Amino acid sequence: QALEAAFEARIAAGEFIEAKDWMPEHYRRTLVRQISQHAHSEIVGMLPEGHWISRAPSLKRKAILLAKVQDEGGHGLYLYAAAETLGVSRDELLEALHAGRAKYSSIFNYPTLTWADVGVIGWLVDGAAIMNQVPLCRCSYGPYARAMIRVCKEESFHQRQGFESLLTMMQQGTAAQRAMVQDAVDRWWWPSLMMFGPPDAASTHSAQSMRWGIKRESNDALRQRFVDACVEQARVLGVGLPDPDLRWNEARGAHDFGAIDWDEFWAVVNGHGPCNRERLATRVSAWERGAWVREAALAHERKRAARRAASQEAA
Amino acid sequence: QALEAAFEARIAAGEFIEAKDWMPEHYRRTLVRQISQHAHSEIVGMLPEGHWISRAPSLKRKAILLAKVQDEGGHGLYLYAAAETLGVSRDELLEALHAGRAKYSSIFNYPTLTWADVGVIGWLVDGAAIMNQVPLCRCSYGPYARAMIRVCKEESFHQRQGFESLLTMMQQGTAAQRAMVQDAVDRWWWPSLMMFGPPDAASTHSAQSMRWGIKRESNDALRQRFVDACVEQARVLGVGLPDPDLRWNEARGAHDFGAIDWDEFWAVVNGHGPCNRERLATRVSAWERGAWVREAALAHERKRAARRAASQEAA
Amino acid sequence: DATTLPYLLRLGDACLVHAQRLAEWCGHAPVLEEDIALTNLALDQLGQARALLSLAGRCEGRGRDEDALAYQRGEAEFLNPSLLELPHTPPGDSAPCFGRTLLRGFLWASFAQALYRRLADSRDPALAGIAARALKECRYHAEHCADWVVRLGDGTAESQRRMQAALEDLWPYTAELFEDDAVDRAVAAAGLGPAWAELRPAWLASVEPVLREATLRMPPDTPFRSHGRRGRHTEAMGLLLAEMQSLARAFPGAVW
Amino acid sequence: DATTLPYLLRLGDACLVHAQRLAEWCGHAPVLEEDIALTNLALDQLGQARALLSLAGRCEGRGRDEDALAYQRGEAEFLNPSLLELPHTPPGDSAPCFGRTLLRGFLWASFAQALYRRLADSRDPALAGIAARALKECRYHAEHCADWVVRLGDGTAESQRRMQAALEDLWPYTAELFEDDAVDRAVAAAGLGPAWAELRPAWLASVEPVLREATLRMPPDTPFRSHGRRGRHTEAMGLLLAEMQSLARAFPGAVW
């Protein structure tokens, strides 16, 4: 009880909790779930964009895309490391992903069908991710907060690159390119709005997470802020947003927007999205195909250690 | 001895030997080797051309190519069936191919690098094959001779189609297409000449095979006839043949041509050609990947037989 | 008009893409007889595609022939149901699965038979003629594929497992075949051909007994929907087209 | 002139094609650290390719930039040694082999180091500058790949078997790197860079000790020769280019 009170007091004072500090089991579990889900999202998120590396239409864009997907791998690394400070190994977390027990962001269950998807993912998906993640840079758990600072910085860079690539296509490209961009926006707009999660009324976990500073703003508030930001950016790009109900509401000082298809959201979350099967199978197969490599690396390490020991004994 | 004398007499009289007839073991072995090598060539030969089916540049050409490669599979079937009349099963023959004990025509160890290769294979490779095979339609072993009649008829059709496709590119195509055809001719000309086998002076097996009517003309004689035919066809196409020494010899009434690089020929025969490893590995892997299918088909057949037996008993 | 063209392309593109996939087996099948049989199926599907795309081009009236439609359209303009574009290799696996190919062939040929049977009575005589001929081909395809589905479903434990997995993979994509929409309704009203949604009972009637004989369990319906018929494909489609169209696109103005 | 351009393309195309292959691992590697490391290698190779192709374009003087050279050339105009275009999947296998990728990376980076070391003294200051920077990158590549070659060669029985098979597959393609020809001789005479044939001793000196430490047996020389540097590639190259160039070719006149 004394420990718990001290913990609550530090949270209340806005101080960071560190790996060595005492923390309630539920706090730890909530963090492991959230951080690992985020880490999984980064590595599954490499797949839809990675699908276009081989076909990038210019060498500059190929380099930008490669670097971006590489950064996502890097985010995965920091985040698995942050989760490991909570006493769970990366292998255990991956096992949970591969067995289907752990989730990753549902947005990555949508397919990338054209090159414009790459730009739109940068603009909308990374944009929504940043909106969700910036508050986490002040999260109560120190290692997570510090990882998120680095992640957010890089994500902002990706978001600007995505936007810039769309702007180039819209302003300097052909009619076919502009149509490709619009089509991609039409496909990604609604799934991006779903990235903020269910409406506040239907959201579980939230109250406790708010109190712990693991979550700092409500789903609906973040979603509204995202919509307001995107409307202006879409105007600059010259693309339409596929929502006939989208309009400025002077009274609220915000944009009204149409109803989200939550049936679709839950279908995808529950495994019936366009690419759920493929994404998980791809990760599992990469892992299984790599088994011989990981075993060999361990075997080699053991051999070296044995040889070192033998030569020290001989000396 | 009496059997052998009767056999020799029938050969001498130009009669066919049939499957049920007595034949010397050496005759049987020679035939099995030759027919199975020919059958293997058909199925390995599906690969280089098959490589272009997915990219055929028009739907008509795709259909023609599909039908052609299918015909090669069909030739494989007749020829394996002809070999089976000599008391050896298709599975045994395939096993010898997969283990590297049996050969197939070396020409299929060259890669198909452009669409024009498909046409040139039809024109030159099928052309050379026909030149080699027409005499076999009068071969002393009946089942083989009859298979060859059918094979040769279809090959002639393929050869005309290949020629026609090149003619279309040369006469109605762009400069880039004409360059593509010339490049393909440059690559396939010499390997096609090698298809007739080593010079007569260096050729083993030939004397005995000639006597038995398994072979009816010498390598060099067939090669000369092929060169003479191709020179005229190349002129119609408007392509050059890559041999500076190629010219009409009025005295011989035939074309002189340059020295063949027999080192290259033997390198390819001995496994060091451009695609030897890939061709064999592809066949082996198709066979191994199909193992579960063949096993299932057998298991199903057994189940059905058992059910039939059970229902007859019940009745 | 604006509905006949997509109606024809949905079928024509399905045949084309299916032919493209089937042809991948040529030279790589488990037994030589199947190299030949699958190539035969591919040839028939390709022939149907050519007839249907030519008809679509004439109907469009902008001078596009079968090759312009096959080689010069972008992915979103292809209207085949996604079922036909899926690779032979199951998600996460390494090698193409013969059973998956034959199962898809069976599901599609059963559907195509039901469709062509109705199209043979189309008010459009050109379409009716194509359908009458294609119907015979698809009857053979359905039989050939059904034989293999039964053989492999009711074969060994491993083949049963593979076939059940293939069915679970592919089944969700069959829902798209029967989605109702404005294109189908308009075409049906004009007497050109049936709305595909009407064909579900006939299709199920031919599919169910075979799956049962093959000892395969029909998967439950899920909310999963593919949308190839509206031009929204799977990630496999772009790679299929990149390869299929590469040569034609690299040589503009060529005659082959 | 007529020899500088092919000399630059041989190296630039090698870097480009190698980058294209390496990038295939991005998202699919055996451990996350290698997803990142192989992407790093790909990025470095791509950067070298861009610098070299841009230089080649300027040297040609016909206004072709890096993208025109990468996306608008036909297969026979690419002059990379065939070694770099081979797929990660061994002949007849189903799945890409990480060991094969790292072994090729090692064989190539060892060569590239030897080459860039000499090119850093090129009479052409632009080429010398590119080489000086690339040399540092390739030193890291060679080390990273060598570590893996040793780890996998001297790892388990299975990893040893796979690495030896990879070496036997790839080794024959290294002969091409050292084939002497008129292009190389002219460039060497002009002081632009070394004939690649001269680099063999340096290359062997860096390769042999690593293979030995990895317990791998160096295969004997054979008459096999690949000819990518003369524009005659393997069957893998056409498919690689079909995919790489598909988008650029499908949107003529586009700005990306």
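The values are calculated or read from the model by the stated rules, or taken from the named source; none is laboratory data. Quick caveat, the model's predicted, so the values are computed rather than measured. Don't worry about glycine lacking a Cβ; one is built from the backbone with ideal geometry, like all the others, and counts go over all protein chains shown. Just so you know, the surface numbers come from the protein's heavy atoms only, side chains and all, with ligands and any DNA or RNA stripped out. Shrake-Rupley method; radii C 1.70, N 1.55, O 1.52, S 1.80 Å.
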(Q) So for chain B, averaging the separation of alpha carbon pairs under 8 Å that are six or more residues apart and normalising by length, what relative contact order in percent results? (A) 18
Q: With a 1.4 Å probe and every protein chain left in place, tell me how much accessible area A:M23 has, in Å² to the nearest 10.
A: 10
Q | Estimated vicinal HN-Hα couplings, Hz - segment C:118-132 in sequence order (Karplus 6.51, -1.76, 1.60; Gly, Pro = x) | A | 6, 5, 4, 9, 4, 5, 8, x, 5, 5, 4, x, 4, 5, 4
**Q.** Axis proximity, chain D to C: residue whose C-beta lies nearest, plus whole-Å distance
**A.** D:S94, 2
Q. If you count, for every residue in A:70-78, the Cβ atoms of partner chains within 10 Å of its Cβ, what is the mean?
A. 4
Q. Shortest first, in nm, what separates the label point of C:K136 from those of the same position in the other copies (7 Å along Cα→Cβ)?
A. 7.4
Q. For the residue pair B:D228 and D:E143, what label-to-label distance in nm results when each label sits 7 Å from Cα along the Cα-to-beta-carbon direction?
A. 7.0
Q. How high is the relative contact order of chain D, in percent, with contacts defined as C-alpha pairs under 8 Å that are six or more residues apart?
A. 24
Q | Long-range HN-HN contacts of B:I17 with modeled amide H, under 5 Å | A | B:Y141, B:G142
**Q.** Equivalent ellipsoid dimensions for segment D:122-256 as semi-axes, Å, which come from the Cα gyration tensor, largest first
**A.** 30, 23, 18
Q) How large is ³J(HN,Hα), in whole Hz, for each residue of segment C:223-231 in order, when computed from phi with the Karplus curve 6.51 cos²θ - 1.76 cosθ + 1.60 and θ = phi - 60°, using x for Gly and Pro? A) x, 4, 9, 9, 9, x, 5, 9, x
Q) For the protein assembly as shown, what is one quarter of the convex hull surface built on the Cα atoms, given in nm²? A) 58.6
Q. Under a 5 Å amide H to amide H cut-off, with H placed in plane at 1.01 Å, what residues pair with B:A254 once short-range neighbours are removed?
A. B:N249
Q.
Restricting to DSSP loop positions (anything but H, G, I, E, B) with no more than 12 other Cβ atoms inside 10 Å of their own Cβ, which trypsin sites (Lys or Arg not before Pro) remain in segment D:1-87?
A. D:R62
Q) Hey, any idea what the orientation-averaged projected area of the convex hull of segment B:228-315's Cα atoms comes to, in nm²? A) 12.8
Q: Evaluate the charge dipole of chain B about its Cα centre and quote only its size in Debye, nearest 20, assuming +1 on the Cβ of each Lys and Arg and -1 on the Cβ of each Asp and Glu.
A: 1120
**Q.** Cα shape, chain A, gyration tensor, a/c 1.5 rule
**A.** oblate
Q: Read phi for every residue in segment A:223-229 and hand back ³J(HN,Hα) as whole Hz from Karplus 6.51 cos²θ - 1.76 cosθ + 1.60, θ = phi - 60°, with x for Gly and Pro.
A: 4, 4, 4, 5, 4, 4, 5
Q.
Taking just the alpha carbons, could you work out the radius of gyration and Dmax for segment A:23-173, both in angstroms?
A. 16.1, 56
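D:L135: net charge of surrounding residues, Cβ under 12 Å, Lys/Arg +1, Asp/Glu -1, itself excluded?
+2
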Q: Please list the non-local residues whose amide H lies under 5 Å from the amide H of A:S105, H modeled 1.01 Å from N, same-chain partners needing a gap of 5 or more.
A: A:S41
Q) C:R133 to C:A68: FRET efficiency via 1/(1 + (r/R0)^6), r the Cβ-Cβ distance, R0 25 Å, to the nearest 0.05? A) 0.60
Q: About the Cα centre of segment B:94-203, how large is the charge dipole given +1 on each Lys and Arg Cβ and -1 on each Asp and Glu Cβ? Please answer in debye to the nearest 20.
A: 320
Q: Determine the shielding of peptide D:12-25 by partner chains: average, over its residues, the number of Cβ atoms on other chains within 10 angstrom of each Cβ.
A: 2
Q) Applying 1/(1 + (r/R0)^6) with R0 = 45 Å to the Cβ-Cβ distance of B:T174 and A:A19, what FRET efficiency is obtained, to the nearest 0.05? A) 0.10
Q. Leaving out same-chain residues fewer than 8 places away, which lysines sit with a Cα under 29 Å from that of B:K20?
A. B:K103, B:K153, B:K215
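Across peptide B:164-177, how many C-beta atoms of other chains are within 10 Å of each residue C-beta, on average?
2
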Q: Evaluate the relative contact order of segment A:193-315 (contact order divided by residue number), counting alpha-carbon pairs under 8 angstrom at least 6 apart; express in whole percent.
A: 15
Q: Give a quick list of trypsin sites (Lys or Arg not before Pro) in segment A:13-96 that DSSP marks as loop, anything other than H, G, I, E or B, with at most 16 other Cβ atoms within 10 Å.
A: A:K20
Q. Once Lys and Arg get +1 and Asp and Glu get -1 on their Cβ, which of D:Q20, D:L52, D:A128 lies farthest toward the positive end of the dipole of segment D:7-155?
A. D:A128
**Q.** the protein assembly as shown - mean residue ellipticity at 222 nm from DSSP helices (-39,500 (n - 2.57) per run, n ≥ 4, rounded to 500)
**A.** -21000 deg cm²/dmol
Q. Distances from A:S311 to the same residue in each other copy, label points 7 Å out along Cα→Cβ, in nm, shortest first?
A. 7.5
**Q.** Net charge dipole size for the protein assembly as shown [Lys, Arg +1 and Asp, Glu -1 on Cβ; Debye, nearest 20]
**A.** 220
(Q) What does the copy distance list look like for C:A197, label position 7 Å along Cα→Cβ, in nm and ordered from shortest? (A) 7.4
Q: Can you find, among A:W287, A:A309, A:L237, the residue farthest towards the positive end of the dipole of segment A:173-315? Put +1 on the C-beta of Lys and Arg, -1 on that of Asp and Glu.
A: A:A309
Q | B:W248 versus D:R230: modelled label distance in nm, points set 7 Å from Cα along the beta carbon direction | A | 3.1
